[in-house]
Amino acid sequence: MLAEVYIEWSQSEKYYVFSAFYIGFILLPLPSGVVCDLYGAKYVLSSSLLVCGLICIAIPLTLTTTPWYVSAILQGLMGLFQGSAVPAMISLVSQWIPKRNRTFLISYAYSGGCLGNILVSLVSKYVKTRNKHWEGLFYFWAGCIFIWFIVIMVFVYSSPQRHPFVDPSEKSLLVKQIGVHMPTKIPWSCILRDSAMWALFVGQLGHSYCIYTIDTQLSEFFEHILKFNIESNLYLFLLPNMCQWCAIIISGYVGELLIQKKVVPAIYMRCIYLAIGNSLASFAILLTTSMRCNGTLILICITSAMIFKGTIYAGLKANLLDITKHYCGVLTGIQIEVTAVLGIIIPQINTMMCPNQTIKEWNYVFWLTFLICTFTSVFYCIFCKSDRARWDVLDEETERASHRTNILHNKK
């Protein structure tokens, strides 16, 4: 939005520049997930942040002085390294979260993205109103990225075994609960034939379709149908994100409590949260077109949708750690590929469905979202599992388990 004040791009050039991020985003998630699972996630994550910080500095230096395709290249590079950061983060987290704390801590980790969106919007608005030089905004966030890069390089390690400052008793406890990370190859055929993996894949498809409709298309709905100025009503527009952040934390805590108390089995908890996060969220979006352009009621519907979306992390995302502890980066990379492709396709689908920007056309968009989310929820609930996959158990683990069994048998 800042760039549009200073440069003029045609609609096709804007599309190429904005789509370049998702095109880059497609390329690296899976390869980076493989690298993280085999060799560790620390340097993949830190190098991704470093490059993104350098691109933040390059954008204001080139935006008004170079052709549009330079900005497209920078956006593509940004997407390229952002795509490698997410699998790295999940692969890293999987090596530090014990099973009993999985539901809450994975939700807590993902809540940072939601909180980050809120902080970026608020800080950007503050910097923009106080500083007439728009370039300062990019430099500010680049500085934050560099600080975080230093923190990761100094304090973060890929696994407890590699961390030199962890207390030996704590390290021993983590190794006992999580195990030792030691895969040497990726069992591709077993992963691709596992119905639980496809349940994660399809569940992610529904989640991504819904969240992209909310993030990228509802802003157009507000501007074209409701004539709602988002920038001048930023605090009101951020209300759904703030409620979602609270929902992520609360649902993670409640889900973990119910699982630990054995009130609800983990498999049912994952299904319930996925169904709420996909089907109920998309239904709340669908209701917006029947609110007769009442801004208050529409905001309530969208806020409800974001609250429902907050449960997805204690369901779908935690389920990934249920079935694997060695290949979280690979499975996350597969999920991110889905997300990136949808980021390119969804705006095109919705543009085709809403040529005249009428409520009736938008109703079709939201109905399509609801049907896709409902189908993916049903598929997920049928095929998902909460037990560790057989292909995730390495030969060394089997040998150690057999050795311990023999020792116990000899003692008897």
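The values are calculated or read from the model by the stated rules, or taken from the named source; none is laboratory data. Quantities reported herein were computed from a predicted structural model and do not represent experimental measurements. Positions of Cβ are backbone-derived with ideal geometry, glycine not excepted, and every protein chain shown enters the neighbour counts.
Against the numbered list (1) at pLDDT 80 or above; (2) exposed (fewer than 15 other Cβ atoms within 10 Å of the Cβ), Arg130 comes up short only at (1). Screening Ile7, Ile57, Ile73 for residues that are farther than 28 Å from Leu316 by Cβ and modelled with pLDDT under 85 leaves exactly one candidate, Ile7. So which residues in segment 289-332 are of a type outside the set (Phe, Trp, Tyr), closer than 20 Å to Asp37 by Cα and part of a loop (DSSP other than H, G, I, E, B)? Listed by number, the residues that qualify are Thr324, Lys325, His326.
Residues in segment 319-335 that are touching a Leu at 6+ places or on another chain (Cβ under 9 Å) and either surrounded by fewer than 23 Cβ atoms within 10 Å (Cβ to Cβ) or modelled with pLDDT of 85 or more (or both): Asn319, Leu320, Ile323, Thr324, His326, Cys328, Gly329, Val330, Leu331, Thr332, Gly333, Ile334.
Residues in segment 362-393 that are buried (at least 16 other Cβ atoms within 10 Å of the Cβ) and of a type in the set (Asp, Glu): 1 in all. When the residues of segment 255-278 are filtered to those that are assigned to a helix (DSSP H, G or I), without any contact (Cβ under 8 Å) to a residue 40 or more places away in the chain and not aromatic (Phe, Trp, Tyr), the one that is nearest to Tyr108 (Cα to Cα) is Leu257.
Return the residue satisfying two criteria in turn: it lies in segment 253-305 and is touching a Pro at 6+ places or on another chain (Cβ under 8 Å) and not hydroxyl-bearing (Ser, Thr, Tyr), and of such residues it is farthest from Glu361 (Cα to Cα). Across segment 253-305, the extreme among qualifying residues is Ile259.
Can you give me the number of residues within segment 328-350 that are under 15 Å from Trp198 (Cβ atoms) and more than 17 Å from the chain's Cα centre (by Cα)? Qualifying residue count, segment 328-350: 0.
Would you be able to tell me the number of residues in segment 10-69 that are surrounded by fewer than 16 Cβ atoms within 10 Å (Cβ to Cβ), in contact (Cβ under 8 Å) with a residue 40 or more places away in the chain and in contact with a helix residue (DSSP H, G or I) (Cβ under 6 Å, 6 or more places away or on another chain)? Final tally of qualifying residues: 1. Look at Ser107 and say whether it is under 26 Å from Val154 (Cβ atoms) and among the small types (Gly, Ala, Ser). In short, no.
Here is the figure for segment 84-108: residues that are in a helix (DSSP H, G or I) and farther than 15 Å from Ile259 by Cβ total 12.
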